[in-house]
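Novice: Let me give you the structure first, and then I'll get to my questions.
The values are calculated or read from the model by the stated rules, or taken from the named source; none is laboratory data. Everything numeric in this text was worked out from a predicted model, so none of it was measured. Glycine gets a Cβ as well: all are built from the backbone with ideal geometry, and neighbour counts include every protein chain shown.
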Amino acid sequence: MSADLQTLAEPLLETTRRLVGALQQESSMELRLALAKRLVRQLGDEAYPIFLKMLLIIAESEDAAAKQCVADLLAAAAQRMDLPSGQLSAWGSSCRSTAEDTPCCTQGSMNRRRLLGPIEYLTVWYCQQTQRQMLELALYTDAMRKLLTLFELNPQLRMFYASKLGADAGTELEGTYTRDTRDILVRLAQRWQQADSTPEEVVQAAIRSTAPVVPMPPGWIVHQL
């Protein structure tokens with residue numbers, strides 16, 4: 001990362017370090033969950049991507065204890081069906097072709113808003129027209145690979161979250177998820193539930209691609225997501 005970008009990134013990196021430090025000092029899982037949820041509430045729905053950036057910074061770090069702490073926290077949250085979540089507004093029947101990174105959008109009225117966990121949020125952001133500019137394929141796949149690698153550190157998190165994704169995608173009312181979004185989440189959940197699957201294989205199955213997931217350069221998380 002260049003010196004200029006490093007300077008811009010420092011506040012978020014420091015906030016992430018402080019969050020991890022606070023989580024590690026707190027022995028009660030209930031209080032850890034409360035701390036994480038309070039942070040998300042303070043950020044607000046429009047700034048939920050900042051929380052995602054923090055997760056990705058942790059996933060990219062070499063601090064094994066920090067990564068395990070966060071994975072265990074999210075496992076407890078997933079077991080309670082209470083993952084730190086954010087909202088996106090889905091418009092009309094917007095979609096994105098899974099064959100190529102090209103939006104295929106139609107205009108319509110704003111549909112339901114619902115709380116979305118990290119994986120669901122990124123997938124809706126990638127697939128559907130929302131208040132945010134649609135996420136590029138390269139950014140989506142790289143972020144998903146990093147998150148899945150982090151989540152792999154706790155087998156219960158993998159089990160609960162994969163089951164939740166499959167169930168939600170299969171029962172979600174029309175208007176929250178488009179068909180493309182549901183299809184990606186179903187494929188992701190099915191592959192993730194296979195014990196021998198790797199994060200890259202899960203992402204490839206989700207987007208129906210055989211090309212390897214190309215890692216993004218360090219620093220993109222802070223400045224492009």
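Novice: Do you know which residues across region 23-46 are farther than 16 Å from residue 83 by Cα and either in contact with a helix residue (DSSP H, G or I) (Cβ under 9 Å, 6 or more places away or on another chain) or not in a helix (DSSP H, G or I) (or both)?
Specialist: Step one: list which residues in region 23-46 are farther than 16 Å from residue 83 by Cα, which gives 24-28, 46.
Matches in region 23-46: 24, 26, 27, 28.
Novice: Right, something else. Could you list all residues from region 33-54 that are basic (Lys, Arg) and touching a residue at least 24 places away in the same chain (Cβ under 8 Å)? Before you say what the answer is, go through the steps one by one.
Specialist: As a first pass, look at region 33-54 and keep what is basic (Lys, Arg): 37-38, 41, 53.
Scanning region 33-54 gives 37, 53.
Novice: Looking only at region 153-168, which residues are touching a residue at least 60 places away in the same chain (Cβ under 8 Å) and surrounded by fewer than 22 Cβ atoms within 10 Å (Cβ to Cβ)?
Specialist: 153, 154, 156, 160, 164
Novice: Name the residues in region 127-151 that are in a loop (DSSP other than H, G, I, E, B), buried (at least 17 other Cβ atoms within 10 Å of the Cβ), touching a Pro at 6+ places or on another chain (Cβ under 9 Å) and not aliphatic (A, V, I, L, M), would you?
Specialist: 129
Novice: Say whether the condition of being within 17 Å of residue 144 (Cα to Cα) and either in contact with a Lys or Arg (Cβ under 9 Å, 6 or more places away or on another chain) or aliphatic (A, V, I, L, M) (or both) is met by at least one residue in region 39-48.
Specialist: Keep residues of region 39-48 that are within 17 Å of residue 144 (Cα to Cα), which gives 48.
Then drop every residue that is not either in contact with a Lys or Arg (Cβ under 9 Å, 6 or more places away or on another chain) or aliphatic (A, V, I, L, M) (or both), which leaves none.
So far as region 39-48 goes, no, none of its residues is within 17 Å of residue 144 (Cα to Cα) and either in contact with a Lys or Arg (Cβ under 9 Å, 6 or more places away or on another chain) or aliphatic (A, V, I, L, M) (or both).
Novice: Given the residues 89, 93, which is the only one that is outside any strand (DSSP E or B), modelled with pLDDT under 95, within 20 Å of residue 177 (Cα to Cα) and of a type in the set (Gly, Ala, Ser)?
Specialist: From the options 89, 93, the qualifying one is 93.
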